[in-house]
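See below for the structure under consideration.
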Amino acid sequence: MPAYRSILIAIDLTEEAGLVADRAKVLAGAEHADLHLIHVIEPLSFAYGGDIPMDFSGIQEEIHQQAREQLSRFANEYGIDEEHQHIVLGRPEVEIHALAETLDVDLIVVGSHGRYGLALLMGSTANGVLHGASCDVLAVRVGEVKK
Ligand code: AMP
């Protein structure tokens with residue numbers, strides 16, 4: 001079985017992100033794979049666009065800037081250079097799939113909260129990424145099991 005060549009780590013920039021990246025880093029080391037990081041920013045207009053008549057562009061730019069700084073600090077800890085750090089605007093699962101295809105990675109690594117009940121029905125990013133991915137997906141269990 002061929003080793004993974006290129007791995008995309010999906011990072012939500014919470015304190016759990018380290019668990020996901022740690023696992024990917026170990027795997028990449030063993031398989032001599034390239035590592036990429038993606039963080040997706042959901043446009044404020046997705047959540048509030050229709051309800052609040054205001055221009056979000058200033059706040060959106062501020063969020064973007066902060067995310068870029070956070071991702072850059074995070075990436076430095078893992079020795080991932082700037083060209084392998086990706087910040088994208090959109091829906092996480094959609095953008096993660098799109099970048100995985102563009103970069104032609106053969107593994108996506110995400111965190112998974114192992115939800116139950118209603119939370120499970122509502123879905124998670126890990127589920128969304130798994131369904132429709134054209135490469136392997138590794139779901140790293142993070143946080144407590146949510147019932
Ligand atoms: P969730 O269960 O939906 O909170 O998300 C679990 C995992 O999905 C996280 O550990 C990340 O791997 C990924 N994820 C969630 N949100 C984002 C985001 N905005 N950008 C990139 N990855 C994300």
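Quick note: the coordinates plus some simple rules give every number you see, no bench work behind them. No experiment lies behind these values; they were computed from the predicted model shown. Note that each Cβ is placed from the backbone with ideal geometry, even for glycine, and that neighbours are counted across all protein chains shown.
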statement: Counting only residues 5 or more apart in sequence or on a different chain, those whose built amide H sits under 5 Å from that of H113 are V142
At 1.002 mPa s and 20 °C, Stokes diffusion of the chain via Kirkwood alpha-carbon radius, µm² per second: 133 µm²/s
message: If you fit an axis through the alpha-carbon atoms of helix 92-103 and take the longest principal axis of the Cα set of the chain, what angle between them do you get, 0 to 90°, nearest 10?
response: 50 degrees
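Please give the net charge around M1, taking every other residue with its beta carbon less than 14 angstrom from that of M1, where Lys and Arg add +1 and Asp and Glu add -1. Don't skip to the answer; put the middle values down first.
Numbers: positive: R5; negative: E31, D106, D136.
Taking every other residue near M1 into account, the sum is -2.
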message: With only alpha-carbon atoms in the gyration tensor, what are the semi-axes of the equivalent ellipsoid for segment 29-98, in Å, largest first?
response: 29, 14, 7
task: Could you work out the local net charge near C135, counting Lys and Arg as +1, Asp and Glu as -1, over the other residues with Cβ closer than 11 Å to its Cβ?
output: -3
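Where does each of 98-105, 77-84 land if you order them by average Cβ count within 10 Å, highest first?
Values: 98-105: 16.1, 77-84: 12.6.
By packing density, highest mean first, the sequence is 98-105, 77-84.
Could you sort 62-70, 13-21, 33-41 so that the peptide with the highest average Cβ count within 10 Å comes first and the rest follow in order?
Values: 62-70: 13.2, 13-21: 16.7, 33-41: 20.8.
Ranking the peptides 62-70, 13-21, 33-41 by packing returns 33-41, 13-21, 62-70.
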- prompt: Can you give the relative contact order of the chain as a percent, counting alpha carbon pairs under 8 Å and 6+ residues apart?
  reply: 30 percent
statement: In degrees, nearest 10, the alpha-carbon axis of helix 57-77 is tilted away from the dominant principal axis of the alpha carbons of the chain by 20 degrees
